[in-house]
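To start, the structure itself, in C-alpha cells.
The values are calculated or read from the model by the stated rules, or taken from the named source; none is laboratory data. Since the model is a prediction, treat every value here as computed from it, not as a measurement. Note that each Cβ is placed from the backbone with ideal geometry, even for glycine, and that neighbours are counted across all protein chains shown. Note: areas computed on protein heavy atoms with side chains; ligands, DNA, RNA excluded. Shrake-Rupley method; radii C 1.70, N 1.55, O 1.52, S 1.80 Å.
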Amino acid sequence: MADRILLHVGTPKTGTSYLQDVLFQNRPTLLRNGVLYPADRFDEHFLAALDLMRLRWGGLEREAVGAWDRLAQQVREHDGTAIISHEILATASRSQVQRALSSLGHEPGGGGTEVHLVISVRDLVRQIPAEWQENVKHRARFKFSRFLELIRDPERNHRVGAWFWGVQEIPDILDRWGATIPPERVHVVTVPRPGGPREVLWQRFSSVFGLDDLDLDLGTERSNPSLGVPESALLRRINQACTRDLPPVHYRPLVRELLAHQTLSRRTDSPRLRLPPSEYPWVAELTEQWIAELAERGYDVVGDLAELRGDEPDAETWADPDRPREREVNKAALDAIRALLVEAAERQAEAERLRAKLEDARRDLIRSRSPRLMRTMEWTVRRLEDSPRGRQALGVYRRARGRSSLSA
C-alpha cells in the first residue's frame, strides 16, 4: 500500500499540461526516489478520469474502460509516494469522489492511506475566456457572448455552464473532494499574476509534491497554448464549416493540434482574448466571496489567495472575438492554409514512399516464389533489353504472343 498519495484534481488552464508532462518524462527518476507516477502513455490519467466519471469524449471513452481501476491498483501496490494528476477530475460528483478515494485506500475516519488533495487555481478573469477557447478547440461553434450567457445562467441547465462551474467553482470542488480529508492535507496552489517569472508556478508545484530535491528534466514539448482574438474567431468559423464532416478522430490531429496548437498559437502579436470589461464587476464580487471562504477553511495555501483577484480589463484595448478585424482573421487563415498544405504534401510524400516500399516487397515476394526457369527468363529479358537487336527480337516475340511487355 502506498504511504502517501498526492491527488491533483485541477483546475484546467493552471499549468496542468506542463506539470503532467514533466512528471511523465521523469518517471524513471521519480521512481528511483520512491515516487510513482503511474503511466505507460502520457494520457493515462486522462483516460482514468474518463473511466471514473463515465464521460463521453469523442470516442476515447472506449479506450478508457477499466483505466481507473488499473491506475488505483498500481498506486495501492506501490511502496512509497504516488502522484495522480488530471484537471477534469475537478468535476467528479460526490459518489465518484467516494469511489476514487476508497479505491486508493482512503478511510474517512482518518485511517488508511494518507491522501493529500492538491488543487491549482487561477483568477476567473483569465479562466473565463480560456474556458471558452477550450470549448472552441473541442469543436464548439457558439460565440463568446453566448458562452457568457450560459455560464451566468443561475440554473446551469446547459451542459456548457454545468461543466464550467464543475471545473472552476473552487469552493464547491473542495467541498466534493475534500469533505473527508483533513484541511491541513488540502493544498491550494495559486497561479501567479501575469508577467511574473514563469518558474514560480513550477516551484509551487514542486514544493507541494515534494520534488524540490530531485534533479528533474523540466524541458517539455507538451503544452496547452492560448490563441489570440482573430485566431479564436477563425477556429470557431472552421468548426461551423467543417465539424459535421470531420469526425473527432481526424479533428484532433488536424484542427486542434496542427492548426490551433502548432500554428495559430504562434501568432503572438494579435490581440489577446480577455474578459469583457462589462463582466468584471460580478466576477470581482464572486472572487471576494471565494477568497473569504477559502481563508476560513484552514487549507494549506501555496502562493497567495489574493492572486485570485484578476486585473480589471482595459475597455480601450479589449477586442471582441465575436467581431474581430477581418484583416487579422484573413492573415491567420493564410497561416492555417499554409500549414494544411504542408501537412498534405508531407502525407502524400510519405504515402508515395510507403507505396514504393510495398511495390518492392511485392516484387521480392514474387521473385522468392518464382521457379528457377522464371528467374532465368527474367535474366534473359533484361539482357536482351540492353541491346538493339535484343529489343527487336523481344518486339517480334511480344507481337507474336499478342501480350503486353509486362506479361512478357
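HN-Hα J couplings of the range 204-216 from phi, Karplus 6.51/-1.76/1.60, θ = phi - 60°, integer Hz, Gly and Pro as x?
Running phi through 6.51 cos²θ - 1.76 cosθ + 1.60 with θ = phi - 60° gives 5, 4, 4, 5, 5, 7, x, 10, 4, 8, 9, 8, 9 Hz.
Enter the Cα centre distance for the pair the range 1-65 and the range 128-186, rounded to the nearest angstrom.
21 Å
Could you sort Y18, Y397, Y251, Y280 by their accessible area in this structure, using a 1.4 Å probe and putting the largest first?
Putting Y18, Y397, Y251, Y280 in descending order of accessible area: Y397, Y18, Y280, Y251.
Do any trypsin sites (Lys or Arg not before Pro) in the range 1-102 lie in a DSSP loop with no more than 12 other beta carbon atoms within 10 Å, and if so, which?
R41, R54, R56
As I understand it, the dipole of the range 160-210 uses +1 on the Cβ of Lys and Arg and -1 on the Cβ of Asp and Glu, about the Cα centre. Which of W202, T190, A162 lies farthest toward its positive end?
With unit charges placed on the Cβ atoms, the residue in question is W202.
Compute the longest continuous run of the chain that contains no exposed GluC sites (Glu not before Pro); treat a site as exposed when its DSSP state is not H, G, I, E or B and it has at most 10 other Cβ atoms within 10 Å.
1-154
Can you give the calculated 222 nm mean residue ellipticity of the chain, where each DSSP H run of n ≥ 4 adds -39,500 (n - 2.57) and the sum is split over every residue, rounded to the nearest 500 deg cm²/dmol?
-16000 deg cm²/dmol
Helix 326-369 versus the longest principal axis of the chain: what angle, 0 to 90°, nearest 10, using Cα atoms?
Between the helix axis and the principal axis of the chain, the angle is about 50 degrees.
With charges set only on the Cβ (+1 for Lys and Arg, -1 for Asp and Glu), what does the dipole of the chain come to about its Cα centre, in debye to the nearest 20?
Values: 62 positive and 61 negative charges, 825 e Å.
So the dipole magnitude of the chain works out to roughly 3960 debye.
List every residue whose amide H lies under 5 Å from the amide H of H78, counting only residues 5 or more places away in sequence or on a different chain, with H placed 1.01 Å from N in the peptide plane.
For H78, the qualifying residues are A2.
Non-local amide H neighbours of V118 (under 5 Å, H modeled in plane, Pro and chain starts lacking H): which ones?
Those lying under 5 Å, H to H, from V118 are L7, H8, V9, H187.
For the range 54-61, what does the Karplus curve 6.51 cos²θ - 1.76 cosθ + 1.60, with θ = phi - 60°, yield as ³J(HN,Hα) per residue in whole Hz, taken in order and with x for Gly and Pro?
6, 8, 8, 8, x, x, 5, 4
If you fit an axis through the alpha-carbon atoms of helix 372-384 and take the longest principal axis of the Cα set of the chain, what angle between them do you get, 0 to 90°, nearest 10?
80 degrees
Hey, could you pull the Cα Rg and Dmax for the chain, both in Å?
28.9, 101
On a 0 to 90 degree scale, rounded to 10, what angle separates helix 67-77 from the longest Cα axis of the chain?
Rounded to the nearest ten degrees, it is 70.
What net charge do the residues around E293 carry, taking every other residue with its C-beta under 12 Å from that of E293, with Lys and Arg at +1 and Asp and Glu at -1?
-4
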